[in-house]
Amino acid sequence: MSNFTRRHFFQGAALAASATRVWGANDRIPVGIIGLGGRGTAHLNNYSHITDCDIVALCDVNQAARERAQSRLSQAAKPKASEYGDMRDLFADKNVAAVSMATPNHWHSLGTIWACKAGKDVYCEKPASHNVFEGFKMVETARQNKRMVQIGSQGRTAPHKIRAMQLLREGAIGKVYMAKGLCFKRRKSIGKTPAEPVPAGINWDLFLGPAPMRPFTMNRFRYNWHWFWDTGNGDIGNQGVHEMDIARWALNNIGLPKYVTSTGGKYIYDDDQETPNTQLATFSYGDAEIVFEVRGLLTGPEAGQPVKGGNAVGDLILGSEGWMWVDGGGFQVYKGESNELAMDEKAPRGPDSTRLHMENFLSACRTRNYSELHADVEIGVLSAALCHFANISYRVGRRLEWDDSAKQFVKDPEANKLLTREYRKPYVVA
């Protein structure tokens with residue numbers, strides 16, 4: 001173990017042992033934000049408007065991103081925050097009680113695990129994990145260290161979606177037998193970008209972290225990391241995990257399926273993208289199923305839902321007496337053989353659902369009761385696992401059977417290998 005790694009390990013252990021403070025109603029919880037790109041900027045903006053917390057630390061492997069974030073704090077008349085290029089240094093900061101993770105997917109689990117061991121509560125962007133194995137380790141670590149870990153599935157805090165799910169529980173469409181998630185989100189070609197020297201101010205080793213070392217390219221760095229297996233999970237694990245989470249919720253927070261089948265491909269484009277831009281997955285539970293579809297190319301509507309700006313993103317819930325459509329704008333209920341519109345509710349005006357979700361997280365940080373989290377880590381890990389199951393089936397090209405007691409696929413070493421990854425030291429989930 002290097003001196004650097006050893007120092008951070010023992011600092012984290014000491015902090016975890018002393019992380020016993022209970023936050024009162026009038027205390028402002030000090031928050032650090034990790035990852036300061038597009039989504040991290042949204043985190044900064046939302047926490048800046050929440051009155052019972054302070055942004056006290058910023059972390060990003062890109063110096064320019066840190067400088068932009070400091071500028072935004074200044075514009076919001078907030079004090080300058082401590083600044084870090086390595087999240088391990090932020091975890092060693094005793095002034096930080098909670099962290100908000102907006103890194104690329106491949107850092108979500110390891111960053112959360114390190115944070116929990118250092119005694120920090122965590123708000124982690126979706127998907128909870130980059131693979132199935134590390135998601136299970138997130139839950140284990142959060143429970144062992146008594147940490148609050150909220151996954152950024154903010155639909156769980158959207159008032160109209162809470163109401164829609166309650167109506168399903170009350171039998172609004174009878175017995176629910178299928179939830180179909182749609183991620184029809186127009187994605188244009190990312191083209192091809194050549195390898196180039198790492199730009200000044202970027203720590204490429206830290207950016208890649210658990211992933212294999214690769215030459216620096218702009219496509220692997222700026223947002224398009226979503227479309228490489230090393231760092232992302234395709235659109236089913238990007239936008240799609242939100243709709244996958246609602247589908248599970250609609251089926252009463254159903255767990256992992258017995259069987260999964262996923263097909264599709266990367267069609268039309270000749271570019272750097274590795275993940276599919278067209279994908280169809282089915283998850284069988286015996287008496288119910290989840291179906292999920294990704295369409296990144298031009299498409300028509302589904303179930304009469306309009307394609308707005310090239311997108312149709314939401315969930316179609318089917319029951320014995322009717323069906324429901326729910327998306328970010330509201331929900332509709334259709335009943336009976338006549339397909340009559342029985343209910344049409346719009347999302348209420350008010351604070352952004354992400355802000356409400358962060359407020360729920362901070363509230364649980366005070367009560368120390370993870371059951372009060374709307375998207376506790378276990379909820380987020382299971383929803384992410386379905387996306388990973390679909391991608392594994394797609395990559396091996398066959399139907400898979402899951403053994404929940406063994407936590408692996410039945411008699412399929414190739415598929416089981418994709419439940420985890422080969423971690424690059426020292427960035428290892430174990």
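Between the alpha-carbon centres of the stretch 130-183 and the stretch 384-414 there is a gap of 20 Å.
Across the stretch 288-394, Cα pairs under 8 Å and at least six residues apart give a relative contact order of 10 percent.
Once the Cα atoms are used to define both axes, helix 353-367 deviates from the longest principal axis of the chain by about 60 degrees.
Would you calculate, for the chain, the mean residue ellipticity at 222 nm contributed by helices, counting each DSSP H stretch of 4 or more residues as -39,500 (n - 2.57) and dividing by all residues, to the nearest 500? Can you show the working numbers first?
Values: 13 runs with 139 residues, N = 430.
For the chain, the value works out to -9500 deg cm²/dmol.
Pairs of Cα atoms under 8 Å, at least six residues apart: use those to get the relative contact order of the chain, whole percent.
Result for the chain is 20 percent.
Among the GluC sites (Glu not before Pro) found in the stretch 103-180, those both in a DSSP coil and sparsely packed, with 16 or fewer other Cβ atoms within 10 Å of their Cβ, are Glu170. Among [x] 0.92; [y] 1.80; [z] 0.97, which one is Cα Rg over 2.2 N^0.38 Å computed from these coordinates? After the calculation, the listed value that fits is [z]. Remark: Asp352, Asp270 ranked as Asp270, Asp352, counting other beta-carbon atoms within 10 Å and listing the fewest first.
Using the count of nearby Cβ atoms within 10 Å as a rough guide to exposure, how do Cys53, Cys116 rank from fewest to most? Could the numbers behind the result be given before it?
On the way: Cys53 22, Cys116 28.
Going from sparsest to densest Cβ surroundings: Cys53, Cys116.
For the peptides 306-312, 107-113, residues were scored by their other Cβ atoms within 10 Å and the scores averaged per peptide; the highest-first order is 107-113, 306-312.
Find the centroid of the Cα atoms in the stretch 319-333 and in the stretch 194-209, then give the distance between the two in whole Å. Their Cα centres are 45 Å away from one another.
Which of the GluC sites (Glu not before Pro) found in the stretch 261-318 are loop residues per DSSP with 14 or fewer other Cβ atoms within 10 Å of their Cβ?
Details: sites: Glu274, Glu289, Glu293, Glu302; in loops: Glu274.
Within the stretch 261-318, the qualifying GluC sites (Glu not before Pro) (loop, at most 14 other Cβ atoms within 10 Å) are Glu274.
Peptides 250-260, 339-349, 226-236 ranked from most to least packed, by the mean per-residue count of other Cβ atoms within 10 Å: 226-236, 250-260, 339-349.
Out of the trypsin sites (Lys or Arg not before Pro) in the stretch 69-150, which ones are loop residues according to DSSP with at most 12 other C-beta atoms within 10 Å? Kindly include the intermediate steps, with their values, before the conclusion.
Numbers: sites: Arg72, Lys80, Arg88, Lys94, Lys117, Lys120, Lys137, Arg143, Lys146, Arg147; in loops: Lys80, Lys94, Lys120, Lys146, Arg147.
Passing sites in the stretch 69-150 are Lys80.
Given the C-alpha centroids of the stretch 230-292 and the stretch 293-313, what is the distance between them in whole angstrom? Measuring centre to centre over Cα atoms gives 16 Å.
Throughout, read-outs are computed from the coordinates displayed, never taken from laboratory work. For clarity, every value in this text was computed on a predicted model and none was experimentally measured. Note that each Cβ is placed from the backbone with ideal geometry, even for glycine, and that neighbours are counted across all protein chains shown.
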